[in-house]
1. More than 23 Å from residue 122 (Cα to Cα) and in a loop (DSSP other than H, G, I, E, B) - does that describe any residue in region 59-77?
2. Looking at region 143-161, is at least one residue open to solvent by less than 60 Å² (accessible area, probe 1.4 Å), within 20 Å of residue 24 (Cα to Cα), touching a residue at least 12 places away in the same chain (Cβ under 8 Å) and assigned to a helix (DSSP H, G or I)?
3. Pick from region 95-117 the residues that are in a loop (DSSP other than H, G, I, E, B) and not small (Gly, Ala, Ser): which of them is nearest to the chain's Cα centre (by Cα)?
4. What number of residues within region 1-36 satisfy the criterion of being surrounded by fewer than 17 Cβ atoms within 10 Å (Cβ to Cβ), part of a helix (DSSP H, G or I) and touching a helix residue (DSSP H, G or I) at 6+ places or on another chain (Cβ under 8 Å)?
5. What pairs come up if the first residue lies in region 184-209 and is surrounded by 13 or more Cβ atoms within 10 Å (Cβ to Cβ), the second is charged (D, E, K, R), and their beta carbons are under 9 Å apart, counting only those six or more places apart or on different chains?
6. Quick check, is residue 39 under 25 Å from residue 128 (Cβ atoms), open to solvent by 10 Å² or more (accessible area, probe 1.4 Å) and outside any helix (DSSP H, G or I)?
7. Residues 125, 120: which one is out of contact with any Gly (no Cβ under 9 Å at 6 or more places or on another chain), closer than 30 Å to residue 66 by Cα, in a helix (DSSP H, G or I) and open to solvent by less than 100 Å² (accessible area, probe 1.4 Å)?
Amino acid sequence: MRILLVDDDQDSRTYVGDFLRELGHEVMVCEDGAAALKSFQAGSFHLVISDIKMPKVSGIELLQKLSARPDRQDFDVVLFTGYGDINTAVEALRAGAYDYLLKPVNVEELAAVTERAAERQALRRENKVLNEQFEVVVKEATEETRHELSRLRQAYLKSVGLGDLGIFSEPMKKVVRQAQKLHADRSVPVLISGETGTGKELIARYIHY
């Protein structure tokens, strides 16, 4: 994974960064939240690991700003702090943190949380691909169904003598619109009158079928 590590403590930043690199991750480090935001604008990351207590932009503020990004589903945020009070943990989780770790960082816990985050991101990417493939399949099936329905409709209309029915004049268009209303309400008796050749039988079929 590409990980953005944010910590104003240089020793902690070096220690955690080296450990994550040993696990095989690509790690970029920042010393505060403001620098982290700039780094995020320049490149994409799968995971952000940030201290909470930092000058200028705190870890909570960083999380809130990152959560407003349209690509929020493409990365997770883990926060850690040396102040192990439950209120801070609750605040971090409510703000949308994926997980919460205490300083000094336990490497086993850090390895576990990064592994879970990697699995979570992999599942998200797989789900995204499957959804895209599903949408393509559905679109293709819909188009195929639409063409088939159109073909069947034309074949059906032809079989009942309406396949070559063409309506061009405004008066006849008005008659057809009225016929559509009468077709929709079968409880209305219909009387069709007119001279021979004016299309009475076609209109009767149009209403019936």
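1. Of region 59-77, the ones more than 23 Å from residue 122 (Cα to Cα) are 59-62, 64-65.
Within this subset, residues satisfying the condition of being in a loop (DSSP other than H, G, I, E, B) are none.
Looking through region 59-77, none of the residues is more than 23 Å from residue 122 (Cα to Cα) and in a loop (DSSP other than H, G, I, E, B).
2. Within region 143-161 (the criterion being open to solvent by less than 60 Å² (accessible area, probe 1.4 Å), within 20 Å of residue 24 (Cα to Cα), touching a residue at least 12 places away in the same chain (Cβ under 8 Å) and assigned to a helix (DSSP H, G or I)), the answer is no, since none of the residues qualifies.
3. Just the residues of region 95-117 that are in a loop (DSSP other than H, G, I, E, B), to begin with: 95-98, 103-106.
Subsequent filtering for residues that are not small (Gly, Ala, Ser) retains 98, 103-106.
On the way: 98: 19, 103: 36, 104: 37, 105: 35, 106: 35 Å.
Top of the filtered list is 98.
4. 1
5. 192/200; 192/201
6. Details: under 25 Å from residue 128 (Cβ atoms): yes; open to solvent by 10 Å² or more (accessible area, probe 1.4 Å): yes; outside any helix (DSSP H, G or I): no.
For residue 39, the condition - under 25 Å from residue 128 (Cβ atoms), open to solvent by 10 Å² or more (accessible area, probe 1.4 Å) and outside any helix (DSSP H, G or I) - is not met.
7. Values: 125 fails: open to solvent by less than 100 Å² (accessible area, probe 1.4 Å).
One residue alone meets the criteria, 120.
Okay, residues lined up against (1) polar (S, T, N, Q); (2) over 19 Å from residue 75 (Cβ atoms); (3) at pLDDT 80 or above:
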{"site": "98", "(1), (2), (3)": "no, no, yes"}
{"site": "105", "(1), (2), (3)": "no, yes, yes"}
{"site": "109", "(1), (2), (3)": "no, yes, yes"}
{"site": "119", "(1), (2), (3)": "no, no, yes"}
{"site": "128", "(1), (2), (3)": "no, no, no"}
{"site": "131", "(1), (2), (3)": "yes, no, no"}
{"site": "140", "(1), (2), (3)": "no, yes, no"}
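The values are calculated or read from the model by the stated rules, or taken from the named source; none is laboratory data. All of these numbers come straight from a predicted model, not from anything done at the bench. As a convention, Cβ positions derive from the backbone with ideal geometry for all residues, glycine included, and neighbour counts pool all protein chains shown. The accessibility values were calculated without ligands, DNA or RNA, using every heavy atom of the protein model including side chains. Shrake-Rupley method; radii C 1.70, N 1.55, O 1.52, S 1.80 Å.
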